[in-house]
Amino acid sequence: MLTKSTQAVPELQYFESVDSTNLMLERADRALLPEFTAFVAGSQSAGQGRLGRSWISEPGSSISLSLLLRPKDLQRKGWLTLMMAAAVRATVEELASEGNPLIKWPNDVLVQERKISGILAKAIGDEVVLGVGLNLKSQNSAPETAIALEELGCNESFDDVLFELLTQFRARYAKFQSDSNWAISNLASEFRDSSATLGSRVIAMLPGGSKIEGLALDIDSDGNLLVESDSIHTISAADIIHLRN
Ligand code: BT5
């Protein structure tokens with residue numbers, strides 16, 4: 001069924017329906033799996049977002065993908081989320097005839113200010129399970145803030161979209177594995193060119209419950225977001241609300 005996508009990775013396992021592809025890969029005997037193994041599902045009953053939130057993936061409506069990665073530069077594994085966001089953005093731009101996909105720091109891709117994709121990375125020892133959900137069609141239970149490829153004039157098949165996504169990500173990851181400095185400076189430029197966040201006034205909701213409101217200035221060499229309010233704050237993890245400028 002996934003004829004093209006199967007050729008884009010060393011191993012691809014497809015499941016019609018699972019609880020969560022991230023959880024499946026976390027539970028798997030990963031020592032037996034080659035790097036860049038892809039677990040793919042047609043639907044998830046318990047798709048995971050960050051901080052215990054859920055990700056909606058109804059049958060036939062979205063791609064749920066988790067990749068097994070073994071980054072050589074472990075110090076910089078935090079960049080993998082933005083790397084996947086850049087790959088999704090490029091995929092949407094390539095396949096959709098409408099809309100201007102932008103990356104929302106740290107883990108979303110938006111089109112017309114609505115979310116088409118979310119990313120969830122989990123580090124387990126020296127490995128990373130990198131999960132991504134990409135909406136193909138609108139879904140009954142997804143929030144109103146969701147958007148799907150079909151609404152942007154894209155009716156490509158599951159296999160074609162997955163193939164494009166795997167190819168876009170693999171190109172970036174191969175550079176990262178061979179020269180992480182160079183790959184990250186490219187990735188940072190890519191983010192600056194296609195960011196919904198930079199240049200916006202934002203509220204950063206920090207994990208401890210406090211908030212910082214200010215102007216999103218840039219990202220630093222570790223991928224942290226720099227927000228200017230009374231001073232410049234370096235933010236490594238947060239939920240970001242974009243305010244109207
Ligand atoms: C995310 O979390 O956006 C990470 C989503 C990762 C999903 C993939 S699918 C493959 C792999 N296996 C998994 O179990 N997970 C990964 P977060 O930033 O916390 O956003 C979650 C929020 O997005 C929810 O609270 C909803 O508001 C919204 N949401 C849920 N489903 C959505 C959808 N299909 N489209 C757009 N928004 C959605």
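The values are calculated or read from the model by the stated rules, or taken from the named source; none is laboratory data. Because the structure is predicted, anything quoted here is derived from the model rather than measured. Positions of Cβ are generated from backbone atoms using ideal geometry, with glycine treated the same way; all protein chains shown enter the neighbour counts. Note: areas computed on protein heavy atoms with side chains; ligands, DNA, RNA excluded. Shrake-Rupley method; radii C 1.70, N 1.55, O 1.52, S 1.80 Å.
The mean sequence distance of close C-alpha pairs (under 8 Å, at least 6 residues apart), as a share of the length of the chain, puts its relative contact order at 17 percent.
Using DSSP to define loop residues, name the GluC sites (Glu not before Pro) in segment 22-106 whose beta-carbon has at most 16 other beta-carbon atoms within 10 Å. Here the GluC sites (Glu not before Pro) that fit, given the DSSP loop and packing criteria, are 35, 98.
Cα convex hull, segment 1-62: 95 Å³ per residue, rounded to a whole number. Converting phi to 3J(HN,Hα) with the Karplus coefficients 6.51, -1.76 and 1.60 and the offset θ = phi - 60°, segment 60-65 yields x, 10, 7, 9, 10, 10 Hz in sequence order, with x at every glycine or proline.
Helix 180-193 and the longest principal axis of the Cα set of the chain meet at an angle near 70°. Take the Kirkwood radius over Cα pairs of segment 105-245, plug it into Stokes-Einstein at 4 °C and 1.567 mPa s, and you get 76 µm²/s for translational diffusion. Counting every alpha-carbon pair across segment 1-127, the share separated by more than 24 Å comes to 29%. Taking the Cα atoms of segment 62-164, the ratio Rg/Rh between the radius of gyration and the Kirkwood radius comes to 0.99. Relative to the longest principal axis of the C-alpha atoms of the chain, give the angle of the C-alpha long axis of helix 80-95, reported between 0 and 90° and rounded to the nearest 10°. Taking Cα atoms only, the helix is inclined about 70 degrees.
Accessible surface calculations at 1.4 Å, restricted to protein heavy atoms, place the chain at 46 Å² per residue. Working from Cα pairs under 8 Å separated by at least six residues, relative contact order for segment 45-139 is 37 percent. If only the Cβ of Lys and Arg carry +1 and only the Cβ of Asp and Glu carry -1, the dipole of segment 82-205 around its Cα centre is close to 460 debye. The GluC sites (Glu not before Pro) found in segment 140-172 that occupy coil by DSSP, while having at most 14 further C-beta atoms within 10 Å, are 144.
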